[in-house]
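Shown next, in structure tokens, is the structure this report addresses.
Read-outs: derived from the displayed coordinates by stated rules, not from any lab. None of the values given here were measured: they were computed from a predicted structure. Positions of Cβ are generated from backbone atoms using ideal geometry, with glycine treated the same way; all protein chains shown enter the neighbour counts.
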Amino acid sequence: MNYFEYRNGQLFAEDVPVKDLVHEYGTPLYVYSAKTFRRHFKAFDSAFEGIDHLICYSVKANSNLSILELLKNEGAGADIFSGG
């Protein structure tokens, strides 16, 4: 499940109309859902229940500080290693 959906032909991110975000911030625009990130992290984390583990998010994949903070608060680590 994610928290993006169409309502009467209009895309919403959680309960916010995406067109309102476009009017406020312009385009191009990346729109994320904190609820979706949390739900997907918890689903992945629960797959390892009973096993000592640490899920790390690749900072190289997306270094958005708000997302990194959100995942940190969920218990994730950060992978900042680059072999190159």
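Which residues among the stretch 41-80 fall inside the zone where the amide N is under 13 Å from a point 7 Å beyond the Cα of Y25, along Cα→Cβ?
From the stretch 41-80, the list is 64-67.
Taking the chain as the reference, fit the longest principal axis to its C-alpha atoms, fit the long axis of helix 65-74 to the helix C-alpha atoms, and give the angle between the two in degrees, 0 to 90, nearest 10.
Computed tilt is about 50 degrees.
Using only DSSP helix segments of four residues or longer, with each worth -39500 (n - 2.57), what per-residue ellipticity at 222 nm results for the chain after dividing by its residue count and rounding to 500?
Working: 3 runs with 31 residues, N = 84.
Computed mean residue ellipticity for the chain: -11000 deg cm²/dmol.
With +1 on the Cβ of every Lys and Arg and -1 on the Cβ of every Asp and Glu, and nothing else charged, how large is the dipole of the chain about its Cα centre, in debye rounded to the nearest 20?
For the chain, the charge dipole is close to 140 debye.
Would you mind telling me the antiparallel percentage of the DSSP bridges in the chain, rounded to 5?
65 percent
Among the lysines, which have Cα under 25 Å from the Cα of K60 when same-chain residues fewer than 8 positions away are ignored?
Cross-link targets: K35, K42, K72.
Helix 34-46 versus the longest principal axis of the chain: what angle, 0 to 90°, nearest 10, using Cα atoms?
30 degrees
Can you tell me the convex hull volume per residue for the chain, based on C-alpha atoms, in Å³ to the nearest whole number? Kindly include the intermediate steps, with their values, before the conclusion.
Details: hull volume 10.8 nm³, N = 84.
Taking only Cα atoms, the chain has a hull volume of 129 Å³ per residue.
Report, ordered by chain and residue number, the aspartates and glutamates lying within cross-link reach of K19, taken as a straight Cα distance under 16 Å and ignoring same-chain residues fewer than 8 apart.
Here the aspartates and glutamates satisfying the reach criterion relative to K19 are E5.
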